[in-house]
Amino acid sequence: MTPGEVAHLEETKARTFTPLEMTHWDQEIGNIKLPSQINVADYADIHNLLSKHLPTGKYECIEIGCAPGKWLAYFHKHFGYIPSGIEYSAIGADLSRKNLSLLNIGCEVYHADFFNFSTQKHYDVVFTNGFIEHFPSSTGVMQKLASLLKPNGLIVTIIPNCYGLNGKISKTFRPAVFYGHIPIDVGTLISLHEHEGLRTLFSDYCGGVQLILPCAKNSFSKRHPRISKLINSPFSKFTRFSKRISRASGVFPRSRLFSPSLIYIGVKD
């Protein structure tokens with residue numbers, strides 16, 4: 001990691017989950033209808049990248065922050081993995097167990113604080129989606145994640161793109177959501193992993209061209225659902241059209257300006 005990247009992380013104020021944030025998260029996941037699964041068509045770019053770089057078979061996979069368990073179901077269904085998960089929220093852990101049970105997937109879900117999670121077990125694949133960007137000490141998070149890997153194990157990290165147009169939309173219309181994330185670009189994402197001795201197989205923006213909804217996950221959308229729906233409509237239609245074009249053409253533009261996510265795939269040599 002370069003001195004500039006270290007300084008960037010050190011200058012970021014510490015963020016932790018407050019009781020209010022945990023209550024909001026519990027309410028969000030509590031509204032999820034079961035069974036819940038990944039629609040591969042909605043994640044076509046990510047699915048293609050994972051299919052290219054991950055093996056199939058009876059490999060052990062763990063997801064940190066796993067609620068409601070739909071990614072664990074995805075890895076079991078499409079790659080044949082034996083899934084496990086860690087979830088900080090008691091409600092989230094219980095929901096994940098119920099979801100995977102409904103999908104007839106055997107899975108160990110641990111209700112635990114990831115940083116205090118202790119195990120002698122190591123995994124073939126460690127997966128996070130929307131996790132590391134919530135912590136100011138990303139190096140500490142990465143060190144813990146890397147410690148869960150077997151030799152030659154693979155790590156997959158997906159985070160939201162807090163830059164570009166989507167970053168501006170979120171910062172303007174959903175500041176509470178925006179400031180709950182630490183912006184990480186591709187270069188920093190790679191450095192965070194390689195600092196822990198991981199070798200990069202692929203890392204870039206991903207997801208094609210998508211726009212987040214400005215009136216979602218904010219107080220205005222809850223107070224004025226009909227107006228929010230009208231405001232969100234052109235953004236939603238644009239994203240649906242973009243997804244159709246990408247799926248039909250097989251082309252998913254990767255851009256800091258428009259892509260919704262970043263992905264890192266690496267190996268522990």
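Counting only helices (runs of 4 or more DSSP H) that sit completely within segment 156-223, those holding 1 or more residues that are within 23 Å of D45 (Cβ to Cβ) correspond to 164-173, 175-178, 186-194. Checked against the criterion of being within 30 Å of H122 (Cα to Cα) and among the small types (G, A, S), the candidates S191, S259, S219, S170 yield just one match: S191. Within segment 100-147, the set of residues being of a type in the set (A, V, I, L, M) and closer than 19 Å to H195 by Cβ comprises V126, I132, V141, M142, L145, A146. If the condition is being in contact with a helix residue (DSSP H, G or I) (Cβ under 6 Å, 6 or more places away or on another chain), hydrophobic (A, V, I, L, M, F, W, C) and outside any loop (DSSP other than H, G, I, E, B), then segment 29-47 contributes I29, V40, A44. Scanning segment 174-215 for residues that are of a type in the set (F, W, Y) and touching a Phe, Trp or Tyr at 6+ places or on another chain (Cβ under 8 Å) returns a single hit, F202. Answer yes if at least one residue in segment 40-47 is of a type in the set (D, E, K, R), surrounded by fewer than 21 Cβ atoms within 10 Å (Cβ to Cβ) and under 19 Å from the mean Cα position of the chain (by Cα), and no otherwise. Within segment 40-47, one or more residues are of a type in the set (D, E, K, R), surrounded by fewer than 21 Cβ atoms within 10 Å (Cβ to Cβ) and under 19 Å from the mean Cα position of the chain (by Cα). Residues in segment 143-164 include none that are among the β-branched types (V, I, T), out of contact with any Pro (no Cβ under 7 Å at 6 or more places or on another chain) and surrounded by fewer than 15 Cβ atoms within 10 Å (Cβ to Cβ).
The numbers here are math on the coordinates, done by the rules we state, and not lab data. Computed from a prediction, not measured in an experiment: that's the story for all the values here. Cβ atoms come from the backbone with ideal geometry, glycine included; neighbour counts cover every protein chain shown.
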